[in-house]
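Note sheet for the following structure.
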């Protein structure tokens with residue numbers, strides 16, 4: 001089955017987040033924030049997958065919006081980690097850029113889907 005760009009990017013982002021979690025938990029001994037970023041960072045792709053299998057347009061939009069919110073939360077944790085110097089700047093910067101790309105893609109999908117829904121209502 002062919003996956004969409006957002007499915008692929010969110011999946012590979014989750015893999016990077018898992019590696020980053022391992023680094024934070026094992027190397028830095030930072031467990032609380034590590035668990036938070038693991039939860040939100042892997043939830044992005046899970047919700048994208050749920051959206052792809054949505055039973056209706058409304059279900060698709062709901063799951064996509066959750067994915068967008070989880071991406072924003074992940075972006076928050078990454079900035080917090082960067083600014084508190086819990087991890088080397090180069091490790092965090094790459095993840096922040098990837099996260100920002102996901103935000104742009106999800107935002108565009110959300111906007112397009114909501115606009116097309118409004119057009120069908122008129």
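State all residues of region 6-21 that are free of Cβ contacts under 8 Å to residues at least 40 places away in the same chain and either under 18 Å from residue 92 (Cβ atoms) or under 10 Å from the mean Cα position of the chain (by Cα) (or both); if no residue qualifies, say none.
If the condition is that a residue be free of Cβ contacts under 8 Å to residues at least 40 places away in the same chain and either under 18 Å from residue 92 (Cβ atoms) or under 10 Å from the mean Cα position of the chain (by Cα) (or both), then 11, 12, 14, 15, 18, 19, 21 are the ones that fit.
Among the residues in region 98-112, are any over 16 Å from the mean Cα position of the chain (by Cα), loosely packed, with under 12 Cβ neighbours inside 10 Å and farther than 21 Å from residue 3 by Cα?
No, every residue in region 98-112 fails to be over 16 Å from the mean Cα position of the chain (by Cα), loosely packed, with under 12 Cβ neighbours inside 10 Å and farther than 21 Å from residue 3 by Cα.
Which condition number does residue 65 fail, the rest of (1) farther than 20 Å from residue 13 by Cα; (2) in contact (Cβ under 8 Å) with a residue 40 or more places away in the chain being met?
Going through the list (1) farther than 20 Å from residue 13 by Cα; (2) in contact (Cβ under 8 Å) with a residue 40 or more places away in the chain, residue 65 breaks only (1).
Test residue 54 against the criterion of being in a loop (DSSP other than H, G, I, E, B), closer than 20 Å to residue 112 by Cα, without any contact (Cβ under 8 Å) to a residue 40 or more places away in the chain and out of contact with any strand residue (DSSP E or B) (no Cβ under 8 Å at 6 or more places or on another chain), and give yes or no.
It is true that residue 54 is in a loop (DSSP other than H, G, I, E, B), closer than 20 Å to residue 112 by Cα, without any contact (Cβ under 8 Å) to a residue 40 or more places away in the chain and out of contact with any strand residue (DSSP E or B) (no Cβ under 8 Å at 6 or more places or on another chain).
Among the residues in region 90-105, are any assigned to a helix (DSSP H, G or I), touching a helix residue (DSSP H, G or I) at 6+ places or on another chain (Cβ under 8 Å) and farther than 20 Å from residue 18 by Cα?
yes
Read-outs: derived from the displayed coordinates by stated rules, not from any lab. Worth saying up front: this structure is predicted, and the values here are computed from it rather than measured. We place every Cβ from the backbone using ideal geometry, glycine too, and count neighbours over all the protein chains shown.
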